[in-house]
Amino acid sequence: MPDSPQELLELLIHESDEERCRAIARELVERCDGALAGQLLRLLNSYPGPAAEAAAFLLAERSTGGFVSAGAVPDAIAGFSHASPEVRQWCATILRGIGADARAAVDPLLNALNDPDAGVRQAVVGALGRIAGDSEPVLLACVKLLGDDLSVRNAVVRLLGGASALPESVRHAVGAALRAKEPRTRMGAAAAAGALQCRHPGFSRCLLKALKDSEPDVRAEAARALAELSLPERAVVLALGRALKDTAPCVRQQAARALDILGSVAAPAVPYLVAVLKDPDPTVRFHAVEALEILAPRQPVMLPAVVLALSNRLIDPDVTVQTRALSAFSRLVPRAFPLNPNLRTAIENPDAEVRLAAIEAVAEMRHEGLQTHEVLRRALQDSSGSVRVAAAFALARRGEMGTEIVNTLVAALREPSARVQIAAIQALRSIGREAVSALKALEAKRQDSNPDIRQLAELAITSISESALAESEA
């Protein structure tokens, strides 16, 4: 490849292969300082082919680091007339990188909001936000794009959310967009209202109205947006609870997810969440289970109903919901609750991950009856190493420190899975002096190729040895 920047520039101009053009342009940028930026920008305005796209791409990539100076603004503006949408997009990105020094580009950028390419419009919104994000005319012009393609709408929402001050005219424009005829505009406006509601509480009331919109996608976006509130009013929580009964799955999904995200403040929605545990959509059930694990203890009167409803999810047809329900169930079940029949069924599930979640659920329960003990003992013979380790550790925590428990954990150190080995080492370390017979096997793990296993084995050896020494000196 030529050494001279000028020779490289000539080579780039006459190259037709796209990948080759990018390699040459990158070499140019690597070898030269920002003085070359102007030449490259003029080049992209003179040539329609891959050389122009490569130059624009590389300049956009470097523009945020000051490589492109304000002197290049006119050539970047001229790039908006280029036939290639990629070049037009990168020119907007270059102006964004230049930042406040590109003020002269505001009007051309506003005109470029009408570009036929969505990628260009998205880049233009981003550039306007960086250069003049607090300008009322800029914000009003961008609000008009709330009905645009998703990528453009998201760029507008980020622009509005990042504005340090939002003029009243802009707030009114967003409110009007929530009442627009086109559903896509109302969707974009709901997303914008969600980004603005923390600073402008009036938008929360607008979103509550949007939960009753005739279009499911608008209702779903309103539910998603309400999840952004840090301290929602009770009316918001109850409205999201009612949205769990919506006929559209997308609305129920977003309402359940919102209540899950809101956390403890969503406690008034517990009755709605219990009812939706039978929803036909697994995503709705999953988020309902997650939310109930946090919220149910805050509604003690509802706890028996929650536990009963969760017990039916222990045999959920969806494995993700089932494993999540097993975890939640173990934390909510009362101390004296007998071993649930559905939990026993989950322990026999052909999926090893489900069996593991079931054994971990049993391990968390405080019930010490014979049934629990028998289940854990049988799990010591499970085909899954993870299940065997979990069962052994659960029995050890219950005071059963026999040879079989330690031998099960030692055998797990020979499993090919690092996950199983790590769990076994941690279990042996927690057992302490009762695991002295495992020291030889742990010593071998000091030479393991996995650094995590080596480190954990070292800690386990130290802990077990110190426990045994203290016992002998006592």
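The values are calculated or read from the model by the stated rules, or taken from the named source; none is laboratory data. All values reported here derive from a predicted model rather than from experimental measurement. No Cβ is skipped: glycine too gets one built from the backbone with ideal geometry, and neighbour counts run over all protein chains shown. Please note that ligands, DNA and RNA were not included when accessible areas were found on the heavy atoms of the full protein model with its side chains. Shrake-Rupley method; radii C 1.70, N 1.55, O 1.52, S 1.80 Å.
The residue list L146, L166 contains one member that is of a type outside the set (K, R) and surrounded by 23 or more Cβ atoms within 10 Å (Cβ to Cβ), which is L146. Considering V251, V270, V306, the condition of being modelled with pLDDT of 95 or more, part of a helix (DSSP H, G or I) and open to solvent by less than 40 Å² (accessible area, probe 1.4 Å) is satisfied by V251 alone. Of all the numbered requirements in (1) open to solvent by 30 Å² or more (accessible area, probe 1.4 Å); (2) in a helix (DSSP H, G or I); (3) of a type in the set (A, V, I, L, M), L231 misses one, and that requirement is (2). Within the span defined as segment 280-295, every residue fails to be on the phi < 0 side of the Ramachandran plot, surrounded by fewer than 20 Cβ atoms within 10 Å (Cβ to Cβ) and among the small types (G, A, S).
Which residue is farthest from the chain's Cα centre (by Cα), if the candidates are limited to segment 366-409 and must be hydroxyl-bearing (S, T, Y) and either under 16 Å from S437 (Cα atoms) or at pLDDT 90 or above (or both)? So the residue we want is T403. Note on segment 41-54: residues that are within 21 Å of G119 (Cβ to Cβ) and at pLDDT 70 or above total 6.
When E364, E374, E360 are checked against the criterion of being open to solvent by 50 Å² or more (accessible area, probe 1.4 Å), in contact with a Ser or Thr (Cβ under 6 Å, 6 or more places away or on another chain) and free of Cβ contacts under 8 Å to residues at least 40 places away in the same chain, a single residue qualifies: E364. Counting only helices (runs of 4 or more DSSP H) wholly contained in segment 389-454, the ones carrying 3 or more residues that are under 18 Å from E360 (Cα atoms) occupy 403-412, 418-431.
Which residue, of G34, G79, G66, G71, is among the small types (G, A, S), open to solvent by less than 70 Å² (accessible area, probe 1.4 Å), modelled with pLDDT under 65 and under 28 Å from A104 (Cα atoms)?
G34
Residues in segment 114-127 that are under 14 Å from G147 (Cα atoms) and surrounded by fewer than 19 Cβ atoms within 10 Å (Cβ to Cβ): N114, A118.
Looking across L140, L128, one residue alone is within 24 Å of V87 (Cβ to Cβ) and modelled with pLDDT of 95 or more. It is L128.
When the criteria are applied in full, R199 meets the requirement of being under 25 Å from R130 (Cβ atoms), open to solvent by 10 Å² or more (accessible area, probe 1.4 Å), in a loop (DSSP other than H, G, I, E, B) and modelled with pLDDT under 95.
Helices (runs of 4 or more DSSP H) fully within segment 79-168 that include at least 3 residues being over 29 Å from the mean Cα position of the chain (by Cα) and more than 24 Å from A193 (Cβ to Cβ): 85-98, 106-112. The residue that is farthest from T185 (Cα to Cα), among those in segment 206-215 that are under 27 Å from the mean Cα position of the chain (by Cα) and open to solvent by 30 Å² or more (accessible area, probe 1.4 Å), is L208.
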